[in-house]
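Step one of this worksheet: look at the structure below.
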Amino acid sequence: MSAPNGTEAEQNIEIWKVKKLVKSLEAARGNGTSMISLIIPPKDQVSRAAKMLAEEFGTASNIKSRVNRLSVLSAITSTQQRLKLYSKVPPNGLVVYCGEIITNEGKERKINIDFEPFKPINTSLYLCDNKFHTEALSELLESDQKFGFIIMDGNGALFGTLSGNTRDVIHKFSVDLPKKHGRGGQSALRFARLREEKRHNYVRKVAELAVQNFITNDKVNCAGLILAGSADFKNDLNQSDMFDQRLQAKVIKVVDVSYGGENGFNQAIELSSETLSNVKFIQEKKLINKYFDEISQDSGKVCYGVEDTLKALELGAAETLIVFENLEVTRWVLKSSEGSEIILHTTKLQEADRSQFMDKETGQEMEVIEQGSFLEWLAEKYRDFGATLEFVSDRSSEGNQFVKGFGGIGAILRYKVNFEQLADFDDEDEFYDVSEEARPDLPASGTLTAPRGQHLRDAASSGGVGQALGASCLLLHDPFSALSRRQMDKQEVVAYLGPKASYTHQAALSVFPPSPSTILHPAIAIEDVFSAVQSANATAGVVPFENSTNGSVVFTLDLFADLQHKYPDIVVCDEAYVSVHHCLLGRSHPILPTVEAAPSSLPDAVHATRSSSGHATPTMKMPHPTPPRAEPLASLSHVKKLYSHPQAWGQCKAFLSAFLKGVERQDVSSTSKAAEIAAADPSGTSAAISSSIAAEVHGLDFLARGIEDSADNATRFFVLRKRGPTPPATTVAGRDADDDDVLADGDAEKWKTLISFRVDHADPGALADSLGVFKKHRINLTSINARPSGVAPWNYIFFVEFVGREGQEKVDGALGELESHEGERWAMPRQTYPCLEMEVEGVDSSSTCWDMKAVSFALAVREYTATNNYTMDSYRALKLMPSCHFRR
């Protein structure tokens, strides 16, 4: 069975989240009547609910018990505050739960939850109780379609329903019908009459019970009815005048089964699977049967258990992730004495063994950074691995076998994976330098360095490397942890958004050219780059920041906002530009004659682009509705699914609309990962939007070249480092780094600064006042972005980038005045970094772009100056490491 489409799969995940929420809310208990359940149906008025709460507040003020009165008033106040976040009721209604619950430790804890259901809720509810009322949500979780079953044989009848992934027996009874025998004479005729009479009464009783079970308020309560049984009982019922005509009109299938009772019910469901193909229960059975078929065929394209499933995800091999909806596994993020993060997955039984939480170096328990449900982590992260997530139940025989026999977690893979080769590495042998001999017992993808010139030719995987997945407690080490122990003293480790051949990899190569002293290490997600730099497992990181066609990379902005304070020491020290020329890669099934692609500049080479002003972010041409710039080089009729990074879709709108409209799109962590997934598809029906280098790495055909909307499409990348000791100070453009206190305007114009702040959204003109400060001090703003602040809905954090740096009189004046506007609401440390303006001998400074060789040379020999970090009264101001500016 093919996996459900993206919308259906995502809705199933939303349903699962609501089920988890309902389960936790049902278990919560409080004191008195301090737990409020409020449901507002669609098209109702928020003002009506607010007025009701105001009246309730007055009534609750008269409660005699002081403790109960304060608890109820607090819950009503919290509910009122939640309502203020909504100007009108959302299209599907609004659900609010507020109050104080009693934890297992006997402590009180406040609960404030508000959300819009995944489908319209038509119940109006307001209750104050010692528990939350979730009955309306439970009804909402019931499938819209319910199918009825009537199973009849000579021993009795069964009435059942199938709804979603739930199969219920609602009634059954037995019957004692006379059997046929060989006696003749008058007794035979009399016996036949009695037998027919009892059969008639049996059919009549089934018809009467069918009305009771499947008709409610004079309406049929099921979408369809299936009659099943042995012999002719089912046909007698269907053709009988005693069978209600309303039910007869709902009969969608009549099937022969070999059994009666529940065995017949199961067989009837199986035989009706084609008719009921949209029912979740049937989809689950088909999906798990497909999983079992792969096992029986010994194809090697399945995995099971947390350990192997995580390995398959890291490799990008998992196509469909199958997980038991009630799997009880906890995900722990622990911090070792060396500062590296260790990820642990345990069941409740395994948590009792505290030895797995001990630091091997100190013998003490490691610090717990994060603890949460493994299922919730999967529900948030599965898209990053290019997989589809399907939750299954244990209500079917197949589901029960999957849960009990395979641990309730597994995956159907895109290609065969030899998990034995991904054996655990011990602490001493996790990574090897190029100086060491090749180890035949390690997979080829385990090396992190390669001889010069091979970086873009080696097909390498970003997953599986550096993982130590212990069988007993399913331990997953931070992939950078071994590097920090073994190599970082001798080599600079640079984390970048991988895998190899991604555009971020190209940017990293431009800033950190191949060198025995540098290791470039791919990370799965942008967040992993931030984590590696923050934990000092990498000395630097390279992440995408914005694209000239599709705008800012919101993932990076959100990590800079750092709402959970996970990356307090991350600073930007440099920027780099990569000219982005997308290609459509896949398996060619040529129908049209191949045409010569127009010659391009260096294939996806790294270009440093000069701005017209010499210091600001380059201004690119804005895309506008035009025909696509490129034509397919082969037929695209066989392409059924597209993979790429979310940013790529917006950069190739014209081509996709013209030639691939309606083809399913799947977001993955990078364009190179997309090429890796497409290459692994044996059917050849997958394609990827990626670079020409990725085509060479993964052995893919060019289905189209240069499909980006804008010919000068480019992406800007930031180089990250951790605050702390920096390399020795050197001179910048002939000036000693210690003379940084006062900057001439000309020197300051070679820098850019990124700040972020929040404003009082209730104060009209607060943002305009803040931005007016920059105009007043004649400071050129190069970009402005806004992201949700996490403080409250529709409240934003603003990112402002401008030309200049601290130490420049007008910048210091503007920041001081801005501080008086914003007070304590600075959202992150200021990021100051040099503009990419270089003058290199032999290169025309008037050119709009620089070739890769010149940029690599210039950046390879750059020097750093170091200045100290310092703290001002109401915010942290950072002075960072500048790059050398080369003069002709």
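Values quoted throughout were computed directly from the atomic coordinates according to the rules given, and no laboratory measurement underlies them. From a predicted model like this one, the values you see are computed outputs, not experimental measurements. Cβ placement follows ideal geometry from the backbone for every residue including glycine, while neighbour counts extend to all protein chains displayed.
Order these by the 10 Å Cβ neighbour count, fewest first: 496, 382. Walk me through the intermediate numbers first.
Numbers: 496 34, 382 19.
Lowest to highest Cβ neighbour count: 382, 496.
Sort 14-24, 699-709 by packing, meaning the average of other beta carbons within 10 Å per residue, with the highest value first. Intermediate values should be presented prior to the final figure.
Values: 14-24: 16.2, 699-709: 21.5.
Highest mean packing first, the order is 699-709, 14-24.
Given points 7 Å out from each Cα along the Cα-Cβ axis, report the residue 328 to residue 113 separation in nanometres with one decimal.
If labels sit at residue 328 and residue 113, their model points lie 1.9 nm apart.
Compare the peptides 279-288, 235-244, 42-51 by average per-residue count of other Cβ atoms within 10 angstrom and give them in order, highest first. If you can, show how the numbers build up before the last one.
Numbers: 279-288: 22.3, 235-244: 15.7, 42-51: 13.9.
Those peptides, ordered most packed to least, come out 279-288, 235-244, 42-51.
For residue 751, what residues show an amide H to amide H distance below 5 Å, using hydrogens built from the backbone and excluding near sequence neighbours?
Counting only residues 5 or more places away or on other chains, the set is 804, 835.
At R0 = 35 Å, how high is the FRET efficiency between residue 781 and residue 43 if r is their beta carbon distance? Nearest 0.05 is fine.
On the way: r = 43 Å, r/R0 = 1.23.
Computed FRET efficiency for residue 781 and residue 43 comes out at 0.20.
Long-range amide H contacts for residue 553: which residues qualify at under 5 Å (H placed 1.01 Å from N, peptide plane, sequence gap of 5 or more or a different chain)?
Under 5 Å from the amide H of residue 553 lie the amide H atoms of 546, 547, each far enough along the sequence or on another chain.
Could you order the peptides 497-505, 297-305, 105-113, 790-798 from most to least packed, using the average number of other C-beta atoms within 10 Å per residue? Walk me through the numbers before you get to the answer.
Numbers: 497-505: 28.9, 297-305: 16.7, 105-113: 11.4, 790-798: 14.8.
Highest-to-lowest ranking by the protection proxy: 497-505, 297-305, 790-798, 105-113.
Which order do 661, 776 fall in if you start with the one that has the fewest other Cβ atoms within 10 Å?
Details: 661 7, 776 12.
Arranged by neighbour count, lowest to highest, 661, 776 become 661, 776.
Report the local net charge at residue 34: Lys and Arg +1, Asp and Glu -1, summed over other residues whose C-beta lies under 11 Å from its C-beta.
Details: positive: 29, 69, 110, 131; negative: 100, 108, 129.
Summing Lys/Arg as +1 and Asp/Glu as -1 gives +1.
For residue 703, enumerate residues with amide H under 5 Å from its amide H, sequence gap 5+ or separate chain, H modeled in the peptide plane.
584, 585, 586
So how do 385, 57 line up by other beta-carbon neighbours within 10 Å, fewest first?
Values: 385 25, 57 15.
Result, fewest neighbours first: 57, 385.
Stretched out fully, how many nm does the piece from residue 166 to residue 238 gain, at 0.36 nm a residue minus the Cα gap? Intermediate values should be presented prior to the final figure.
Details: separation 72, 0.36 × 72 = 25.92 nm, distance 2.57 nm.
That pair, residue 166 and residue 238, stretches by 23.3 nm at full extension.
Would you work out if region 187-298 is rounded, prolate or oblate? Take a ≥ b ≥ c from the square roots of the eigenvalues of the alpha-carbon gyration tensor; rounded if a/c is under 1.5, else prolate when a/b is larger than b/c, oblate otherwise.
Cα axes put region 187-298 in the oblate bin.
When the chain is fully extended, how far beyond the present Cα-Cα distance does residue 105 get from residue 205, taking 0.36 nm per residue of separation?
Roughly 30.5 nm would be gained on extension.
Report the extension gain between residue 418 and residue 190 in nm, rounded to one decimal, defined as 0.36 nm multiplied by the number of residues separating them, less their alpha carbon distance. Don't skip to the end; give the middle numbers.
Values: separation 228, 0.36 × 228 = 82.08 nm, distance 7.26 nm.
Contour length minus the Cα-Cα distance gives 74.8 nm.
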